[in-house]
Structures are given as structure tokens and as C-alpha cells.
Amino acid sequence: MATCATGCVPAVRFCQRLNRLKTLDEDMMATSLKRCLGTLDLTMLGVGGMVGSGLYVLTGTVAKDITGPAIVISFMFAGIASLLAAFCYAEFGARIPKTGSAYMFTYVSVGEIWAFLIGWNVILENMIGGAAVARAWSGYLDSIFNHAIQNYTETHVMRWNVPFLAHYPDLLAAGILILASFFISFGVQVSSYLNHIFSAISMVVICFILIFGFILAEPANWSAKEGGFAPFGFSGIMAGSATCFYAFVGFDVIASSSEEAKNPQKSIPIATAISLGLATTAYILVSTVLTLIVPWHTLDPNSALSDAFFRRGYSWAGIIVAIGSICAMNTVLLCNLFSLPRIVYAMAEDGLFFSVFARVNPVSKVPVNAILVFGVLMATMALVFDLEALVQFLSIGTLLAYTFVAASVIVLRFQPEKVTSMGTSSTSPNPNLEPSFAASESQNITEDSGELKEYESFSDKLQLVERQKKTIERRGVGQLGARWEPYLGRVFGDFEPGEVVAFCVLALMVSSVSLCSVLIFGTNQLHLPVWSFVLLLVVFSSAYILSLMLIWVHEPQTNNKTFQVPLVPLIPALSILINVFLMLKLSVLTWIRFSVWIVIGLCVYFGYGIWHSKEGLRELAPKDLAARYVVLPSGSLVETVQSVQPDGQVDNSAHHISPSTEEQMGKR
């Protein structure tokens, strides 16, 4: 047994390295970037990131091939699911105003390797998003000139018939991406100014589309004669919702910009709510107008809105729509090129990605290397890949990031704040810091000139030792609630604070995957009998609800200084369930591409990231002695002295304090 335990030590240490958490700086507002964005700037960034090719291109593609006029419901469902995810992003963006978005949030609460994989997928998400928008941009511009650009390229440059690739190299899309990267490299204020101009033009055009479109609307286009409102059924609506998520991926640009916001605690939640509300309303109304102007089965997937007005005989309106679409897609391009380098910068700054991308230009205060390199890569993708393939590949990475951010909200909400050796609290529940005590009440005391000095405490009410019995009923964060102690104390009372919640979140995700798999594949692909189908639904639903209830009976953090997601853990749990359901509705080919990208990411992490991680280097650095005076339930004080050695070993020694010292503490 001893040999087995000794042999397991390297494996345990390796797992600890993979799951180590990021330690945040004491000054959360300190940054090498420039804080210059206000609430309006962030709101316009969010609107610009969401209202673009999704509005002008995706509506036609989804309505014609997947949902029909029921695209209205698909956008509504995708908007609700995005709202749940947006709540989670808003809490993290306000609480941890650091660039990196979902990557940073996962690193703080779940672990390093998971954070890297999320960051790796967010990089792909932004690259594909920018490439898809660039192709849609060139397609709309080409439609104004009656596809003259495409015909010229296929005739005089080249044309290929390769699966998963475009029919011809889109030189125009690649060129606009390189040009946009050049402008982005001048700094965040230039990017924000350009985004304001293009967003304003886009919103004016959207108002025109809605007013003129409802004038031309013909309800007969939703009739049974044209195929009905939902010709592809409920399955088509759900599949359309999964693809429609592409339309809402831009709101995370707000969280990515939190390190450049003047007042992130206030601006991030407000900008997220306003921008997502405006975008969802625009998508629902425009998709309604589009399917009422012309029959859904006659839509042009490449330029649906402008083509619809052309076919109704209003060519001038089609040109206005095409100009508006180009402006809207310019904003999405800017937002993708704005977010991507900052996520790469955050990963490189933490040592998980190549350090060359962590360099910030001293004049423009932006990571120029990351902007230019990934701008060229994005342009290459736009040059060769087909738009539809890009859109489907994009949705899976977005949904995975949303899922991990929702899980991170639950984990971090039920984690106790840690106390550093300087006595300041940190929002990072890093296991490398000192362990939390059972009483969840600690005081740092030092002797200077014969006097006892008291520093920050988790409870200002703990003034006298005699009050310990009165405060014992007030449970610490992450511990089982006092009213549930008589019923569940024997089972869960001995766990570390937050440990049960972490296991329940894992069970919540597993049960969500299992439940959604049965719902989607149970009757069709798996051909389960009715009794087996119902039994599996009951089992996995019960596991999901039980996990949710076990999380709920633990004590959460209460922080009124920044925005917090309401109804935790219910809202993040619903977000996880919806995201998993939509992920499983995507095609098998999308999952294969996603798996290949994950394998490449793991090679990068184990080949570079795990060896250069700054958290790993911090573990090897020697740490100071830390003294803690802990009030035990018996009423005595115990001094715990810790010395963390470079190899990660912790030496503890305990000394009982004399009654006279206790009296001095009571007087204080």
C-alpha cells in the first residue's frame, strides 16, 4: 500500500499542475494597456460585434435551408440562451477586469489546462468569425456589381472543386482583413472611433429595412401554400438555433475589453445588457420582415436582404441595404480583430502561449504582433474556406466557451476568498495559497513594540473570544448551510469549503450531456424502446436536479460591489443545459474538425505552455513565513506558521497561546 501511495505521488502532482489556478494581482485595475473606454464605447462594440453578417447573410441561409419562417423562434431561443451566458460574462467582466474573456474566467476558477483549451477555442472562434464576415462582406459587395468580381476571379485567377473549400480564392475578403488589421494596430481609440461610425450607419439602415419591409410584407408567404411557418419542424428550429448562435458571439468583445474600460464594474454589465437586447430585437424583427417580403424557399443565401428588395422591384432599396450590410460587417470585422489579439496577449502574458505575442507597443498600447500575425492567418482562412463551413465550425467553439464560463460562475461563487500573506483578500481561489480553516474566521496578528496589531479579517464582528459560540451558526462561504447541517452534515460536513460544489458542477455537466444525448439521439439514431427512453430521461433529469439542489444548500458569496448573476446556480445551470443541447445539434463533421483543433491545442500546451506557465514558476519561488491566529470552537487560540518550500512542501507548526494573550485579544 505504501509503495502504491508513493507511486501515485507523481501522477497527483501532474494533475495539480494541470488544474492550478491563476493568482490575480492585488490591484485589479493595474494594466499595461490603456483604460479609455466608457459605457457607450463598450455598448457600441457589443452591438457592432453582433449585428453584422449574421443579420444580412445568416438570416437567409438559415431560413432557406434549416428553419423556414420559424427562424424567428430560432433567433428568440438563441437570444435567450445568449442572455444566460451574457449574465455570466457580465459578472466576470465586472469582477475580474482583465483581458482574456472566457479564458481568464476559466483560469481563475476551474484550472489551467481547461483555460488553455477555452482560450484556444476562443482564438479559433474569432479567426473563423472574422474570416466568415469577410467572405460575407465580399459576397455582398459582389452582389452590387452582379457577381462580376466572382466571375472574373474564377475565369482569370483560378477555380477549384475541393470539399470544404470555397469554389474560388476570395482575394477581396483577404484584402479587407489585412487592411482592417492595419487600422486596428493604431490603438483602441482608433478602433472605437471607426466602430462608432459604421455602427451608426448600420442602425439607420436597419430602421429603414424594418419600416419599408413591413410596408411590403405579405402574410401569404407564411401560409401552407408556401410550405408553412415551420416546414422543417421542431428539429429544424433547434438546429437553426444552434447555427444562430453565430449571430450573438460578438457580445464577449465587451468582456475582452474590460482591461481597457474606465469603470468596468459599472460599464460591463450595462453595456452587455443593452447591446444584447438591441441585437436580439433586431434579429427577430429583420428575420420576420425577410420571410414576409418574399417566400422563404426563394431566398438568396449570399445576399438575402438586398436580393429580396431587388426582386420586389425596389433596386434602390436593395443598394441601400447592401451599403448598410457592408458597414455592419465592417464593425464585426473590427470587433473580431479587436478581441482576438487581446486573448492571445492574455495567454502569452500568462506564459501559456508564445511570449512574442505578449509585447505591447509603447505608443499605441496594443499587442501589435498578435494583431498582425493573426490578421494574416484570418485573411488566409477567408481566402480558401467556404462561408457555411466556417459558420458551423464557429458555433461549437462559442457554445463550449459559454458552458465553461457558466460553470466557472458557480464554482467561483461558492469558493471562499483566500487571504494572502499580506492580509489582503484575493478573488482567485488558488490552492497554492494557504488552506482555509474550518471555522472560516481568521486574524493576522503581529507583534511590533510589544503591541498586538490586527489586520483584515473575514468577520469584523469577531472581537471577543466569548463571541465564538454566537457566531458558530454563521457558516462560511462554500460550506453547508446551517439549516441543512442536521440533515446533511454527516455526509457533506467534513469536506473543504467549495469542494462539494465543484463535484456537483462536474456532475451537472455530465448529466446535461447525458440528458441531451438521450433527447436528441434516443429515438432516431439509438432506436431506444419507450421504457428505456423514459427511464434514462428520469435518471439523468434526477441527477441534474439533485446536483443543482446540492449546490443550492451551500453558502454562496455575497458581493454587492460588482454585478452578480441572479438566481445562482439556476441561471448558469440552465445556460449549461441549453449550450450542451445546441452543441449536440451540430453536425458530425463539425465535431471532427473541432476534435482535430483540440488535439493541436494539446500539443501546443504540453509542448510549450505547461513549461512556461507563470503560475508554475510562481510555485517554484520561495514564499515568506505566514502566521495565522485561529479561534477554535473550544475558545482557545492556535497559531499556525506555514513555510512553503520551493518544492511545494508545506511545513506547519502549531503553538497554543497563553490565557493572558487571550485576555488581551478579548480586550481588543
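Straightening the chain between Phe503 and Phe183 buys 110.6 nm, computed as 0.36 nm per residue apart minus the Cα-Cα spacing.
Residue by residue, the stretch 329-338 carries 3J(HN,Hα) couplings of 6, 5, 5, 5, 4, 4, 5, 5, 6, 7 Hz when phi is fed to the Karplus relation 6.51 cos²θ - 1.76 cosθ + 1.60 (θ = phi - 60°); x denotes Gly or Pro. Peptides 247-257, 15-25 ranked from most to least packed give 247-257, 15-25, packing being the mean of other C-beta atoms within 10 angstrom over each peptide's residues. Under 5 Å from the amide H of Leu37 lie the amide H atoms of Ala261, Lys262, each residue being 5 or more positions distant or on a separate chain, with H modelled from the backbone and absent for Pro and chain starts.
If DNA, RNA and ligands are ignored and the probe is 1.4 Å, what is the ranking of Arg13, Arg483, Arg413, Arg312 by accessible area, most exposed first? Present the calculation step by step, with values, prior to reporting the outcome.
Numbers: Arg13 120, Arg483 165, Arg413 15, Arg312 70 Å².
If we order Arg13, Arg483, Arg413, Arg312 from most to least accessible, we get Arg483, Arg13, Arg312, Arg413.
Output the relative contact order of the stretch 131-239, whole-number percent, from Cα pairs under 8 angstrom with separation of 6+ residues. Relative contact order of the stretch 131-239: 16 percent. Under 5 Å from the amide H of His554 lie the amide H atoms of Gly481, each residue being 5 or more positions distant or on a separate chain, with H modelled from the backbone and absent for Pro and chain starts. Under a 5 Å amide H cut-off, with hydrogens placed 1.01 Å from N, Phe385 pairs with Ala166 among residues at least 5 apart or on other chains.
Put a dot 7 Å past the Cα of Leu24, heading toward its Cβ, do the same for Ser355, and the two dots end up 2.7 nm apart. Give the residues of the stretch 330-345 whose amide nitrogen is closer than 16 Å to a point set 7 Å from the Cα of Ile197 in the direction of its Cβ. Residues 330-335 qualify, since their backbone N sits under 16 Å from the label point. Students often get this wrong, so check it: of Lys34/Lys98; Lys365/Lys561; Lys266/Lys614; Lys262/Lys365, which have C-alpha atoms separated by over 23 Å? Those over the limit are Lys365/Lys561; Lys266/Lys614.
Considering only protein heavy atoms and a probe of 1.4 Å, how much of the accessible area of the stretch 50-169 is carbon and sulfur, as a whole percent?
So the carbon and sulfur contribution to the accessible surface is 68 percent.
Measuring nothing but protein heavy atoms, the accessible surface of the stretch 185-332 at 1.4 Å probe radius is 71 percent carbon and sulfur.
Per residue, how much accessible area does the stretch 25-177 show when a 1.4 Å probe rolls over the protein heavy atoms, in square angstrom? Present the calculation step by step, with values, prior to reporting the outcome.
Values: 4520 Å² over 153 residues.
Per-residue accessible area for the stretch 25-177 comes out at 30 Å².
For the stretch 151-280, rounded, prolate or oblate, judged on the Cα gyration tensor with a ≥ b ≥ c (square roots of eigenvalues), a/c < 1.5 rounded, else prolate if a/b > b/c? Let's see the in-between values first.
Values: a/c = 1.85, a/b = 1.15, b/c = 1.61.
Taking the square roots of the gyration eigenvalues as a ≥ b ≥ c, the stretch 151-280 is oblate.
Applying 1/(1 + (r/R0)^6) with R0 = 30 Å to the Cβ-Cβ distance of Arg311 and Val204 gives a FRET efficiency near 0.80. Restricting the chymotrypsin sites (Phe, Trp or Tyr not before Pro) of the stretch 116-151 to loop positions (DSSP other than H, G, I, E, B) with no more than 12 neighbouring Cβ atoms within 10 Å leaves Phe145. In order along the stretch 347-354, the phi-based Karplus estimate (6.51 cos²θ - 1.76 cosθ + 1.60, θ = phi - 60°) of 3J(HN,Hα) comes to 5, 5, 5, 7, x, 8, 9, 4 Hz; Gly and Pro are listed as x. A crude spin-label estimate for the pair Val530 and Val9, with each label 7 Å from Cα along the Cβ direction, gives 6.1 nm.
Computed from backbone phi, the HN-Hα couplings of the stretch 95-105 come to 7, 10, x, 10, 5, x, 6, 4, 4, 5, 5 Hz, rounded to whole numbers (Karplus: 6.51 cos²θ - 1.76 cosθ + 1.60, θ = phi - 60°; Gly and Pro given as x).
The values are calculated or read from the model by the stated rules, or taken from the named source; none is laboratory data. Since this is a predicted model, take the numbers as computed values, not measurements. Don't worry about glycine lacking a Cβ; one is built from the backbone with ideal geometry, like all the others, and counts go over all protein chains shown. Protein only, heavy atoms only, side chains kept; ligands, DNA and RNA dropped before computing areas. Shrake-Rupley method; radii C 1.70, N 1.55, O 1.52, S 1.80 Å.
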